[in-house]
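Data first, discussion second: the structure below is written as structure tokens.
What follows is calculated from the coordinates using simple rules that are stated; it is not laboratory data. None of these values were measured; they are calculated from a predicted model. Using ideal geometry, Cβ is built from the backbone for each residue, glycine included, and neighbour counts are taken over all protein chains shown.
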């Protein structure tokens, strides 16, 4: 099975 | 003060239809560059980035940078009241609590104005770095929409794999499996019907089809879609908005446990 990664994992707040 | 006039009002209607199901509330950012938006979906899995450049408007005035928080469902309700051929004018003020949409019929015999309440939205911009992608696929947007729709009747996730053979979209579900391979095809009558694959190295990633299907609502904005893939980054699904800018969807992958 697969786990969904969150977009915040890649992009940090400016 | 913001004042913008868009002769091709249908573009704005299409933009709203492309994002309203993914994002409920968002801040529209107004600057001399243009009218833009960056927002995550409520699950924080996808991000939408929209830019409508100031040069694309017949008239564009923005005295200072500011944001206007809007409920996109409500904005869509208002824009649905504009005819497809109508000219749309948007007026708003920094610190104001409403925004005005004015719809003019092409023959100027009907003019309507709608005032929508704004809202305070706490949102911060994510930093999206410029990146090199392992593979970039450009294909007809209708074809991509068809593939996502077809696969979602079989499974919940799609594996997108790019090799030198082409781009493969695969899924599996309770009833079986499906694989659709699209090969590079540049020998078509019209450039927008081409499938072009630029691959630096093979890449294979898994995504939730629910989001991909939501992204394809932007298909009426562009005949082609560009899918950029890298094993270390979210996929970018981009629809260019003719002469004006783009709508980009970023989607984080699903990874093996």
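Tabulated data
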quantity: Extreme residue, surrounded by the fewest Cβ atoms within 10 Å (Cβ to Cβ), among residues of segment B:40-57 that are touching a strand residue (DSSP E or B) at 6+ places or on another chain (Cβ under 9 Å) and over 18 Å from residue B:70 (Cα atoms); calculated: B:55
quantity: Criterion: within 14 Å of chain A (Cβ to nearest Cβ) and assigned to a loop (DSSP other than H, G, I, E, B) - qualifying residue of B:231, B:204; calculated: B:231
quantity: Count of residues meeting criterion [outside any strand (DSSP E or B) and touching a residue at least 12 places away in the same chain (Cβ under 8 Å)] in segment B:67-109; calculated: 21
quantity: Residue that is nearest to the other protein chains (Cβ to nearest Cβ) [pool: residues in segment B:116-138 that are surrounded by 11 or more Cβ atoms within 10 Å (Cβ to Cβ) and more than 24 Å from residue B:41 (Cβ to Cβ)]; calculated: B:134
quantity: Odd one out for residue B:185, checked against (1) within 14 Å of chain A (Cβ to nearest Cβ); (2) touching a helix residue (DSSP H, G or I) at 6+ places or on another chain (Cβ under 9 Å); calculated: (1)
quantity: Among (1) touching a residue at least 60 places away in the same chain (Cβ under 8 Å); (2) more than 19 Å from residue B:171 (Cβ to Cβ), the one test that residue B:235 misses; calculated: (2)
quantity: Filtered residues of segment B:146-160 (kept if surrounded by 19 or more Cβ atoms within 10 Å (Cβ to Cβ) and more than 14 Å from chain A (Cβ to nearest Cβ)); calculated: B:147, B:148, B:151
quantity: Considering residues of segment B:15-39 that are in contact with a helix residue (DSSP H, G or I) (Cβ under 7 Å, 6 or more places away or on another chain) and over 18 Å from residue B:74 (Cα atoms) only, the residue surrounded by the fewest Cβ atoms within 10 Å (Cβ to Cβ); calculated: B:32
